[in-house]
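Written out below as structure tokens is the structure these notes cover.
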Amino acid sequence: MTGRTGSTSPRTPTSPRHRIAELRRIARERFGWSDLAPEQTEAMGALLDGHDVLVVMPTGSGKSAIYQVPTVLLGGPAVVVSPLISLQRDQVAGLRRSAAPDAVAVNSAQPESATEEGWRAVREGDAEYLFMSPEQLAKDTVLKRLRGLNPSLFVVDEAHCVSSWGHDFRPDYLSLGEAAERLGRPPVLALTATAATPVRADILEHLHMRDAEVVSTGTDRPNIHLDVRTFTDDDGKRAAVAHWTAGAHGPGILYTATRRDAETHAARLRQDGVAAEAYHAGMKAVDRRRIQDGFMAGRPAVVVATSAFGMGIDKPDVRFVAHASVPESLDSYYQEIGRAGRDGEPARAVLFYRPEDLGLQKFLTARALDTEELKKIMNVLLGRNAPQSRTRVAQLSGLSRRRTTDLLNLLEEAGAVTCEGRRRAVRASSGRTADEAVEGAAEVFERRRRMDRSRIEMMRGYAETQSCRRQYLLGYFGEQLDRPCGQCDLCHRDHDGRTGTTRREPARAPGHRAPYEPNDRVRHAEWGEGTIMRIEEDRVVVLFEQVGYKTLSLAAVAEHGLLTGA
């Protein structure tokens, strides 16, 4: 063992042709992959050239390979930031099943002895992949140890979590750009399956990505058949969920809105002779692990779960993903149905929809902001000249560390506080009173809430649309599908059996044609700037920064000049 004393040199072939051949050889011999897609080798080549890379690829398309293979050629470990400890564990286990270099995770869920052994393995060259959570990279001691390892890559998995536009915003991701700088600025690789244009811009900005190459294959998973079944009463819907799931073929996942529903549906399926298990965050960790491992091995055949299940599940032969209730957004829905059909074979995604179920999601977004808590934090900061750590602010305000972090992020976005150095030390911005700071943070909070509510309405639109569901789904992410997909319930309904063709959507009326394309920037007099996400037959969907998603009539846009170029 030579250790990592001083910098090492990459072992990278200089000729592009030889380099791709070497990447494919490593993929085949070390990981067991017969080939690499052109988009994968494009991203890998950019990393080997020292460029930052943003990769947008569907779930199950091999995003992890983009850092796993080049790391074998690079002279230093890859630091991989992953949001969940369970996901880190699964990624480490997957690497250890291959002939790849060893991988370790360093996290708060393991004994200190295991953490130190992980550090030793990377330091001495026994492991080349180091998985960590974003929270750990906010610690000075961790960053100092990492810098001494001369990392060759800085990988951010689930990179959409850095964006407040995104459905899964995690404030701890905001410090990752600065963390990469403090590690000597190795090439940054950002990975995500869902990133509309505004989210991509946030990723590039917050991760401090420089002249980054963007590699995107789009979000479509054409092998997944999309289906929505609508009900007016809850009992009828529950009976239909049980009947359909019991008759479905192959391993599958049934998502529910609550823990109680997960238990109830699993019990009913077992009564019908289905090997089904409930899974949710309220269960013991050992039971969750048992169910997850069993599902990977083929039993239970069906996991009935809340959204706590699935991230990190890389089971290729999941034949269906069903939702017993409507999820919070199309972002979440796309991520969850993407766990089906990763082997490329046909799979099904079925949503059991009752319009009243959207009331639960609206209730969850109706939470109020406690302005008194904000005032406590501002009073702590206004009473001190020196920057304060977030832990210290929590202690002095009497709030939990997590609650303090959430409120400080609101205040920072409102410009009421500034973060210095490593984003752990905060101070009040000059020239603002506590009341002014609270007012600004409340505006940010309300903007986020409007965004969440608009996502719910887009989810309603998907469930209730009368045109191709795949066109609607891809349009939500800013992608245009030129013709109906032929692989959803509505396309099958509109199928003309005599000609064997799927009926095309009618063309837009000439006077209503929008002078825009998806991803164009526009401005509305009341709602401000936004991004064109989808253009339909007679309407346009715009994602506005201040109010979220809005659907506008093309006729009204043309007649009243509602949108102008931004």
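The values are calculated or read from the model by the stated rules, or taken from the named source; none is laboratory data. Not measured: the values here are computed from a predicted model. Backbone-built Cβ (ideal geometry, glycine too); neighbour counts: all protein chains shown.
Scan the stretch 20-47 residue by residue and report those that are assigned to a helix (DSSP H, G or I), charged (D, E, K, R), over 19 Å from M209 (Cβ atoms) and out of contact with any Leu (no Cβ under 8 Å at 6 or more places or on another chain).
Applying the first criterion (assigned to a helix (DSSP H, G or I)) to the stretch 20-47 yields 20-31, 38-47.
Those still in the list that are charged (D, E, K, R) too: 22, 24-25, 28-30, 39, 42.
From what's left, over 19 Å from M209 (Cβ atoms): 22, 24-25, 28-30.
Passing the criteria: R25, R28, E29, R30.
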**Report entry** Unique residue being touching a Ser or Thr at 6+ places or on another chain (Cβ under 7 Å) and aliphatic (A, V, I, L, M) when the list is A285, A239, A257
**Finding:** A257
Requested in this report: Provide a single number: the residues in the stretch 275-334 that are on the phi > 0 side of the Ramachandran plot and in contact with a helix residue (DSSP H, G or I) (Cβ under 8 Å, 6 or more places away or on another chain).
Outcome: 2
Report task. Would you check if there is a residue in the stretch 102-117 being in contact with a Ser or Thr (Cβ under 9 Å, 6 or more places away or on another chain), assigned to a helix (DSSP H, G or I) and free of Cβ contacts under 8 Å to residues at least 24 places away in the same chain? Result -> yes
Query raised in the report: Residues of the stretch 93-142 being of a type in the set (A, V, I, L, M), over 22 Å from R25 (Cα atoms) and either outside the structural domain of S64 (by TED's automatic domain parsing) or buried (at least 18 other Cβ atoms within 10 Å of the Cβ) (or both), which ones?
Result: V104, A105, V106, A121, V122, L130, M132, L137, A138
Query raised in the report: When residues of the stretch 382-402 are filtered for being out of contact with any helix residue (DSSP H, G or I) (no Cβ under 7 Å at 6 or more places or on another chain) and part of a helix (DSSP H, G or I), how many remain?
Result: 3
Report task. Tell me, please, whether a residue that is assigned to a helix (DSSP H, G or I) and either free of Cβ contacts under 8 Å to residues at least 40 places away in the same chain or surrounded by fewer than 18 Cβ atoms within 10 Å (Cβ to Cβ) (or both) can be found in the stretch 318-336. Result -> no
Query raised in the report: Restricting attention to the stretch 195-209, does a residue exist that is surrounded by fewer than 17 Cβ atoms within 10 Å (Cβ to Cβ), out of contact with any Lys or Arg (no Cβ under 7 Å at 6 or more places or on another chain), closer than 24 Å to E529 by Cβ and at pLDDT 90 or above?
Result: yes
Query raised in the report: So is A195 in contact with a helix residue (DSSP H, G or I) (Cβ under 7 Å, 6 or more places away or on another chain), part of a loop (DSSP other than H, G, I, E, B) and farther than 26 Å from T41 by Cβ or not?
Result: no
Report task. Name the strands (runs of 3 or more DSSP E) wholly inside the stretch 224-305 in which the number of residues that are closer than 19 Å to V350 by Cβ, touching a residue at least 12 places away in the same chain (Cβ under 8 Å) and over 26 Å from the mean Cα position of the chain (by Cα) is 1 or more. Result -> 224-230, 276-279
Report summary line: Restricting attention to the stretch 406-418, the residues that are at pLDDT below 85, in a strand (DSSP E or B) and crowded, with 19+ Cβ neighbours inside 10 Å number exactly 0
